[in-house]
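The values are calculated or read from the model by the stated rules, or taken from the named source; none is laboratory data. These numbers were taken from a predicted model, which means no experiment stands behind them. Cβ: placed from backbone, ideal geometry, glycine included. Neighbour counts: every protein chain shown.
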C-alpha cells in the first residue's frame, strides 16, 4: 500500500467528519423530541467509529486478520494484563483529577445522565461495545496502517494522540492518550488485540460499575444521584483538586513503575522483548527499516483532523449555542 499514513489520516478525518455530522443531527433530533435518547446516541457514536474502518478494509481488499490481529495469547499474558490494568489505575486517576482543573469530569457527568438505563445495558454499550469498536479501529486498522510507514514508535504515539483527541474534551484527553499508548504497546508486544481489548473493557466497565454502585448507595440513602454529583462538584475547588492530585502522585508513580515491570514480563513471555527494545527511540539498534524507506506519519489530512478535533474541544459548543442547538 502506497502512502499508508496518508490513507490512515484520511480515514481518521472521515471518521471525525461522520462523528461531527452525527452529533449535530442527533442533537437536533433530541431537541425536537424525535424519540432519540442518549443510549441511541452512544451506540450510533461507536458505530460511526467502526463503520468507516470496516469499509476501508473492504474497499482496499485488506486481510482482516492482518489489520485486526486477534490471535490467542498465553494464559500468563492474560493474567499479567489484568495486573497491568489494575496498576495503571492510580495514573489514570491522577490525570483525571489534574484535567478537572480545566474541565469537569465528563465521564461522571455522562453516567449521571443515563442513570435511568439498566446497568447491564450500560456495561454492554459503554463497557463492551465502545472498547471493541475503538480497539478494532485505533489499535487495529489505524495502528497497522501507520506502522507501514516504518515508524512503529511514531505510530504508537500518533494513534494514542488521535485517540485522546477523538474524545473531544480536555478531561478525557490525557488519560485516554495514556490508555492508547499502553494499548498499542500491548498490541505490538503480543501481536494481538486481545490484551488491549481486555484492558479497555475492564477500565470502561469499572467506571460504569462505580456509577451503578453510587446510584445504589444514593438510592438507599434517599438521595438523588444527580444532586449528589453536583454537590461533589462544588466541593472540588482548584485547591482541593491540587491537594488530591498531590496525594495521588506517589502511588501513581510507584504503580506505573510496577506496570512497566509487568509489561516487560509480558514481552518476555511473548518473546518480543528484543523487538520492543529496537523500536524505542533511545535504542542504539537498527529497527530493521532503512531510513530512506520510512515515510512521514503526519500528513496534511492528519493536521486537518487534529485541527477539527481542537475546534470540537474549544469551539463546537459555542457554535451550537449560537445556532440554538
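For this structure, a couple of remarks:
- One residue alone among 101, 122, 59, 92 is under 15 Å from residue 210 (Cβ atoms) and modelled with pLDDT under 95, and that residue is 122.
- Single match in 47, 122 (criterion: over 16 Å from residue 15 (Cβ atoms) and in contact (Cβ under 8 Å) with a residue 24 or more places away in the chain): 122
- Residue list for the stretch 58-73, restricted to those being over 21 Å from the mean Cα position of the chain (by Cα) and surrounded by 13 or more Cβ atoms within 10 Å (Cβ to Cβ): 62, 64, 73
- The residue of the stretch 112-148 that is surrounded by the fewest Cβ atoms within 10 Å (Cβ to Cβ), among those that are over 28 Å from residue 311 (Cα atoms) and touching a helix residue (DSSP H, G or I) at 6+ places or on another chain (Cβ under 8 Å), is 121.
- Some residue of the stretch 38-55 being surrounded by 19 or more Cβ atoms within 10 Å (Cβ to Cβ) and outside any helix (DSSP H, G or I): no
- When residue 150 is tested against (1) at pLDDT below 95; (2) closer than 28 Å to residue 296 by Cβ; (3) assigned to a helix (DSSP H, G or I), exactly one condition is not met: (3).
- Condition met for residue 91 (in a helix (DSSP H, G or I), surrounded by fewer than 18 Cβ atoms within 10 Å (Cβ to Cβ) and out of contact with any strand residue (DSSP E or B) (no Cβ under 7 Å at 6 or more places or on another chain)): no
- Residue in the stretch 166-179 that is surrounded by 21 or more Cβ atoms within 10 Å (Cβ to Cβ), under 23 Å from residue 73 (Cα atoms) and in contact with a helix residue (DSSP H, G or I) (Cβ under 7 Å, 6 or more places away or on another chain) present: yes
- Taken over the stretch 265-286, the residue count meeting the criterion of being surrounded by fewer than 15 Cβ atoms within 10 Å (Cβ to Cβ) and under 23 Å from the mean Cα position of the chain (by Cα) is 1.
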